[in-house]
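The values are calculated or read from the model by the stated rules, or taken from the named source; none is laboratory data. Because the structure is predicted, anything quoted here is derived from the model rather than measured. Note that each Cβ is placed from the backbone with ideal geometry, even for glycine, and that neighbours are counted across all protein chains shown.
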Amino acid sequence: MIFDEFASLLSGICSHSLLAAGRPLVWTIIANPKAGGFTIKSRWNKHYAMIKNCALVANKNPVREAGPSQTALREGGSTGSLGLVLTKAAGDAGEITGALIREASAGGGTESGKAAPKNGGRPFYLIITAGGDGTSLEVLTSIYHAPAEVRENLVVLRLPMGTGNDGADAWEVDKALDLLIEPSGIGRQRALRLTTAGGKGPFLAFNILSVGLDAFVTHMTNKMKGKLPGDSYKLWVDIASLLYDRLYKVGSMDVRSLDGAGREVKAFREKLLLLAVGESGNRTYGSHKKILPDGRNVCAIKQMPLLRKIALKELFSRGTHIDKPEAILWNANSVEFSAQYPILAQMDGEAVLLEVKDFPAVIELTEPVIPIIKGVGNRE
């Protein structure tokens, strides 16, 4: 019942969207039914009220030529006619997006077997993700690998419907949906790519890619997901503050970074608790922890005594850690790092262990490749 209402309201909003005006709009909503924005009653009630109000506002816009994708009609079951496809397992969001990319590549209309759109225009594809950072990561990874000519005819909108929504287009559902309702344009977002000397990867992220303590928190949160009640990320932050450097070595790390022209901007050797690189500055992770609270996109945190860790832990929520001597922040286009011990890395909430043979490893910004909606709803 929840998903019927959700799909119906979003379908109405899409039918009245001002996005890509003058072209037939083809939409697909990829939703994770286990995401906290659906399963936690208080969150769903809040989201439902916001979506319902956005639908009322959208109804003031003219009805446009629009409809669900062929992929949604084929894969969505009872809600497919409204454009909604529910994921059933890890990897589903990426596979659904792959099918949409093939559909967009063929230039299909809004219904399988129907003639070309009546105005002769090529359809414009809207992919809406309704889940957390994991759903978003799968969808964006598929889009990243899509042919350039396909990316020119689609855009993604990331609704904050998960437990962790740091990669969403807005922190509240109504602000994200405003991007469909109000006049808006299409922008391009970069990706973060991690490559290793050992051939592991490459790995992609679209918000923050980091190594060290926070990757350990991500790893343990994922490992225990569904087994611990409440906010397990916060629990593992507390545990990591006490135990991380007893479970994983924190030794010297060699760091060298370059700007977009290939010039060295910073190089050092330090014992680091973590090293985080963002797609831009002003980014968060771990449910809005302000690791990159200003315009700088790289943050390194030096090793420190236990009592100091406990004292500084809460500063990340406010972003005030940047004023402390343990924090190093700067801007870079690529960051190379090496160590003589294994380190965990995390890419938008997915973790991997980097071993000594994988160093040096490089985190770099790609060219702008992900089509996103730019307008009044964006966080920035």
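Side notes on the structure shown:
- Any hit, the range 152-172, residues being in contact (Cβ under 8 Å) with a residue 12 or more places away in the chain, in a helix (DSSP H, G or I) and not assigned by TED's automatic domain parsing to the domain that holds Leu209: no
- Within the range 253-267, residues that are assigned by TED's automatic domain parsing to the domain that holds Tyr341 sit with their Cβ atoms under 8 Å from residues that are of a type in the set (Ser, Thr, Tyr), at 6+ positions apart or across chains, in these pairs: Met253/Ser338; Asp254/Ser338; Ser257/Ser334; Leu258/Ser334; Glu264/Ser257; Val265/Ser257; Lys266/Ser257; Ala267/Ser257.
- From the list Ile101, Ile29, the one residue that fits, being over 23 Å from Asp178 (Cβ atoms) and among the aliphatic types (A, V, I, L, M), is Ile101.
- Residues of the range 157-178 classified as touching a strand residue (DSSP E or B) at 6+ places or on another chain (Cβ under 8 Å) and surrounded by fewer than 23 Cβ atoms within 10 Å (Cβ to Cβ), total: 3
- Residue match in the range 136-151 (condition: assigned to a helix (DSSP H, G or I), touching a His at 6+ places or on another chain (Cβ under 8 Å) and either within 27 Å of Leu209 (Cα to Cα) or at pLDDT below 95 (or both)): no
- Within the range 202-259, tally of residues that are among the β-branched types (Val, Ile, Thr), at pLDDT 75 or above and either part of a helix (DSSP H, G or I) or closer than 14 Å to Ser287 by Cα (or both): 2
- Inter-residue pairs, beta-carbon under 6 Å, first under 18 Å from Glu149 (Cβ atoms) and in the range 99-112, second of a type in the set (A, V, I, L, M) and modelled with pLDDT of 95 or more, 6+ apart: Ile101/Ala146; Ile101/Val150; Ala104/Val150; Ala104/Leu154; Ser105/Val150
- The criterion of at least 3 residues that are of a type in the set (Gly, Ala, Ser) is met, among helices (runs of 4 or more DSSP H) falling completely within the range 1-64, by 2-15, 41-58.
- None of Thr79, Thr97, Thr87 is crowded, with 17+ Cβ neighbours inside 10 Å, more than 22 Å from Met1 (Cα to Cα) and among the β-branched types (Val, Ile, Thr) except Thr97.
- Condition met for Ala58 (crowded, with 22+ Cβ neighbours inside 10 Å and touching a residue at least 60 places away in the same chain (Cβ under 8 Å)): yes
- Check on Leu18, under 25 Å from the mean Cα position of the chain (by Cα), within 18 Å of Gly131 (Cβ to Cβ), crowded, with 16+ Cβ neighbours inside 10 Å and assigned by TED's automatic domain parsing to the domain that holds Asp174: no
- Residues that are at pLDDT 95 or above, outside any strand (DSSP E or B) and β-branched (Val, Ile, Thr) within the range 337-377 comprise Val356, Thr366, Val369, listed in sequence order.
- Lone qualifier among Val369, Val352 - being under 29 Å from Glu138 (Cβ atoms), out of contact with any helix residue (DSSP H, G or I) (no Cβ under 8 Å at 6 or more places or on another chain) and hydrophobic (A, V, I, L, M, F, W, C): Val352
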